[in-house]
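Below is one structure; the comments refer to it alone.
Values in this text are rule-based calculations from the coordinates and carry no lab data. Owing to the predicted nature of the structure, the values given are computational and were not obtained by experimental measurement. So basically every Cβ, Gly included, is an ideal-geometry build from the backbone, and we count neighbours across all protein chains shown.
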Amino acid sequence: MARKLTLVVLLGLPGAGKSTLCQKLFQSLETKPNSSDIRLIHVCFDELIPLTLQEKFVLIKQSKLNDDDEGTSWKSARRDVYYKVDNLVKCLKNGNIDSDIFNLFGIIGKQDANAKYVILLDDNFYYRSMRYEYYQLARKHNVGFCQCYIECATEVAIHQNQSRDIQVPTVAIEAMAKNLQPPHPHEQTWECNTVVISSESSARTDIVWDIVEKSLESPVPSLENRDVEIAEARLRCSLSVAHQADLILRGLVGTLIKEAKANKGFHTKLSEFSRSVNSGRQSIIAGIRDGSLKFPSHLAEEVCDEKKQELCDFLRFELERKLNDQ
């Protein structure tokens, strides 16, 4: 019989208290009732991915500089951790032994067939996509999944980071805080098993244990049909493109209104023009969401930094076309 297992994503800024929470969970396990069959495994990303590489990637993204070598190295390092966790889950669930993997994660001796394994994934996980791939991993192996978001003010994280042995540069923490995508269980159903705790109450292991036990008893069901997963991926991509397009269009609205103000030959009332521009923006966003607005397929798949200017040009053309049609 396959063992019970859950993946616990711990997310938050550097210095928020994720590793401290992991220590508290290990300590509380000693006095927790009916805990003799629970095995905690701490997967610390800072120990598996060089901190210097993580810092460089965050700063590169913040400055929007192109550094393919650093970006590729960072993605490769994260992918390597993912494969190791994938192998660990497979071995633990099915009772297989992989000495290299077990030694890497500090698993010693023969594993109890009745044990419940709780894998603590200790990383910043500031992008939602970073977390979602581990939800997919849980679904792949039909094991539990939950998240613990340690909410922490940027200035508090910076202060607490200064007391760590290995510190993350302040500018990297600020960049991460700006890009952090907190869990939204009401919008993303896969994030429904999420608990949010303040960095000031990181000792509250009881609420973490509650959601961990819930996830152990309610593993993520495997997909029987790959079409469902593909449809989900397309929907997420569509929503992402619509979000990026909305941000760009809001900027374009301001630009067009500013240009109209500066145009001495402009005769339309500015208030009417503003309503028309915003109406055009809303129409374009609606078209993106319902699929009626067709734009280049390579932009539909993903909007990365190097494609944003092309998307901006396309959206401006569409917005001006709608204004001319009015």
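Here are the numbers for this structure:
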read-out: Calculated FRET efficiency for the pair Gln167/Lys24, C-beta based, R₀ 25 Å, to 0.05; value: 0.70
read-out: Between segment 278-294 and segment 34-49, the alpha-carbon center distance in angstrom; value: 46
read-out: Contour minus Cα-Cα distance for Ser274 and Cys192 (0.36 nm per residue); value: 25.6 nm
read-out: Order by protection proxy (mean Cβ within 10 Å, highest first), peptides 173-184, 134-145; value: 134-145, 173-184
read-out: Packing-based order for 282-291, 3-12, 244-253, 99-108, using average beta carbon neighbours within 10 Å, highest first; value: 3-12, 244-253, 282-291, 99-108
read-out: Paramagnetic label zone (point 7 Å from Cα along Cα-to-C-beta, Ile108; backbone N under 14 Å) in segment 82-99; value: none
read-out: Net lengthening on full extension, Glu310/His159 (0.36 nm per residue, minus Cα-Cα); value: 50.3 nm
read-out: Which listed pairs, of Lys90/Lys178; Lys178/Lys258; Lys24/Lys90; Lys90/Lys308; Lys75/Lys322; Lys116/Lys178, have C-alpha distances above 31 Å, in listed order; value: Lys90/Lys178; Lys90/Lys308; Lys75/Lys322; Lys116/Lys178
read-out: FRET efficiency estimate (nearest 0.05) - Cβ-Cβ, His243 to Asn324, R0 22 angstrom; value: 0.25
